[in-house]
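Following: one structure in structure tokens, then a few remarks.
The values are calculated or read from the model by the stated rules, or taken from the named source; none is laboratory data. Here the structure is a predicted model, which is why all the values come from computation and not from measurement. Cβ placement follows ideal geometry from the backbone for every residue including glycine, while neighbour counts extend to all protein chains displayed. Surface areas here come from the heavy atoms of the whole protein model, side chains and all, with no ligands, DNA or RNA. Shrake-Rupley method; radii C 1.70, N 1.55, O 1.52, S 1.80 Å.
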Amino acid sequence: MHFHVLTLFPEMVLGGLKTSILGRACDKGLISIDAVNIRDYTTEKHNKVDDYPYGGGAGMLMQAQPVFDAYKSIAEKYHRKKPLRVIYVTPQGSVFNQDMARAFAQEENLVFLCGHYEGIDERVLEEIVTDYVSIGDYVLTGGELPAMVMIDAISRMVPGVLKNEDSGEFESFHENLLEYPQYTRPEVWHEKSVPTVLLSGDHAKVDKWRILQSIERTKMRRPDLYEKYNLPGRALEYLKQDKLLHMDMIESIKRGNGEVLAVRADGVLLRDKKSNIHMVTAENKDAGERLLSFADTEAELFVCHQHFLADSVKARFGKKSSAACCQAVYTKKIPFSVDWPWEIRTLDESQIDVVYENYHELADRDELLLALKEGRIYGAFSDEELAGFIGLHEEGSMGMLTVFDTYRKQGIGLTLEKYLINCMLEQGHTPYGHIFIDNQISLLMQRKLGLKICPKNIFWVY
Ligand code: ADE
């Protein structure tokens, strides 16, 4: 990558940049920095480059002619396929940040125009400048220091400039978090010890500690950056890549219950606050292990979205059982037409006995009582007699569908689910359910109602 600096003080720019890491990068040919002295291009016989502003006012302005001709000397050599990107460093520009550094590092050539005195004749700026960039809301005496700051930050993003390719990315401002605290030898200094977790050799634990430190530090020191960190937003971005597999996690977040515990480029872990269920998805076992290090050690119930995660959860949290399920999602937005002969009503606590009697294999009495108290179970009535019911589990999935023997084969089950889907749609939710993989009857019914079945299984681990 080639940097070209249009300046009245080339020695300042080159002296400041051609040392240390950037000096080495220049020697290796990874970057080049050349400074073009604007004064060399003036046609004025006393070598003047500035003059008084029209209309009066304080100070002098740099004239258009020498700036333009200095620019042309570069453009003639380097402007080939693509117009040159010319950055005018000025307090009037957009404020430089890490994202801009990353974007500028994609260019093959970058020209920096450094102003001095009170500024530069507007007409030449209009002709050559593509970007107006500031380094902050304060005024310096010239553009050289800002240009040097930007060149340093951009160069670090050029592959090979930093020894460790990773370190340009995993540091302050990556993902809008500040860097965690770092320690080196000796282990104890001024009676202060290095945090023991860093000596443990457990990479997952170290990762977790560092991320939590980064989060805390950002919250304290840069609340403005912390706002942008936006864990739920980033989690949703990942989860939406496979909506059918992740709808339970997506809905948990969207309904305001999902506390995102960790997000990576290859997975997400969250805790549904209402049900206290942990939900996890990852692209490989290693990513899964790292995510699971953020789970509560006392966690009782997990929904794993890959088989290898179920194995990890069993080993890590001492769980013995798991059940494979299919996730069914009603992806349409249109509700069912209400054309059934049964009355459907929300059940209350007085119906606990009949609900518990008919649905006790998969839920305990307290859970069902809570669902009734919260109005999450709906009953179909035929001539004022309860014929069956359906409910919403605490984490938000549809289930508990039960039709009493004497009322079977009349379409009551289908009706109850249509009713619940309509309720969910009305509240702006996406209806979904988890069905045991061997429950062919239910799977058939989901298809009949138009729900999509995710081809990948999920695993409840407890
Ligand atoms: N020139 C003078 N002050 C500046 C600033 N804050 N950023 C960029 N260029 C400048």
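Some notes on this structure:
- Taking first residues from region 238-249 that are more than 13 Å from ALA282 (Cα to Cα) and partners that are of a type in the set (Ser, Thr, Tyr), the Cβ contacts under 7 Å between residues at least 6 apart in sequence or on separate chains come to MET247/THR430; MET247/TYR432; ASP248/SER397; ASP248/TYR432.
- Within region 90-124, the set of residues being away from the ligand (no atom under 14 Å from the Cβ), among the polar types (S, T, N, Q) and open to solvent by 70 Å² or more (accessible area, probe 1.4 Å) comprises GLN106 only.
- Selection of region 137-149 for residues being within 6 Å of the ligand (Cβ to nearest atom) and over 11 Å from GLN92 (Cα atoms) yields LEU140, GLY143, PRO146.
- Residue count for region 351-387 satisfying the condition of being of a type in the set (Gly, Ala, Ser) and either within 36 Å of the chain's Cα centre (by Cα) or open to solvent by 90 Å² or more (accessible area, probe 1.4 Å) (or both): 3.
- Scanning region 125-136 for residues that are more than 7 Å from the ligand (Cβ to nearest atom) and farther than 26 Å from HIS79 by Cα gives no hits.
- Residue within region 339-350 that is hydrophobic (A, V, I, L, M, F, W, C), without any contact (Cβ under 8 Å) to a residue 60 or more places away in the chain and surrounded by 12 or more Cβ atoms within 10 Å (Cβ to Cβ) present: yes
- Any hit, region 77-87, residues being more than 10 Å from the ligand (Cβ to nearest atom) and within 25 Å of ASN176 (Cβ to Cβ): no
- Selection from region 5-22 of residues that are within 19 Å of ALA101 (Cβ to Cβ) and over 35 Å from the mean Cα position of the chain (by Cα): VAL5, VAL13, GLY16
- Residues located in region 175-202, provided they are surrounded by 11 or more Cβ atoms within 10 Å (Cβ to Cβ) and either in contact (Cβ under 8 Å) with a residue 60 or more places away in the chain or among the hydrophobic types (A, V, I, L, M, F, W, C) (or both): LEU177, LEU178, TRP189, VAL194, VAL197, LEU198, LEU199
- Taking each residue of region 17-31 that is open to solvent by 60 Å² or more (accessible area, probe 1.4 Å) and looking for partners that are of a type in the set (Ser, Thr, Tyr) and modelled with pLDDT of 95 or more with beta-carbon atoms closer than 9 Å, six or more apart or interchain, yields ILE21/SER155.
- Listed here are the helices (runs of 4 or more DSSP H) enclosed by region 260-367 that have at least 2 residues being within 30 Å of GLY201 (Cβ to Cβ): 285-292, 307-317.
- Output for region 105-143, where each listed residue is out of contact with any strand residue (DSSP E or B) (no Cβ under 9 Å at 6 or more places or on another chain) and farther than 25 Å from LYS82 by Cα: THR141
- Residue that is at pLDDT below 95 and of a type in the set (Phe, Trp, Tyr), where the choices are TYR359, TYR432: TYR359
- Subset of region 292-328 that is of a type in the set (Ser, Thr, Tyr) and open to solvent by 20 Å² or more (accessible area, probe 1.4 Å) - its residue that is nearest to ASP272 (Cα to Cα): THR297
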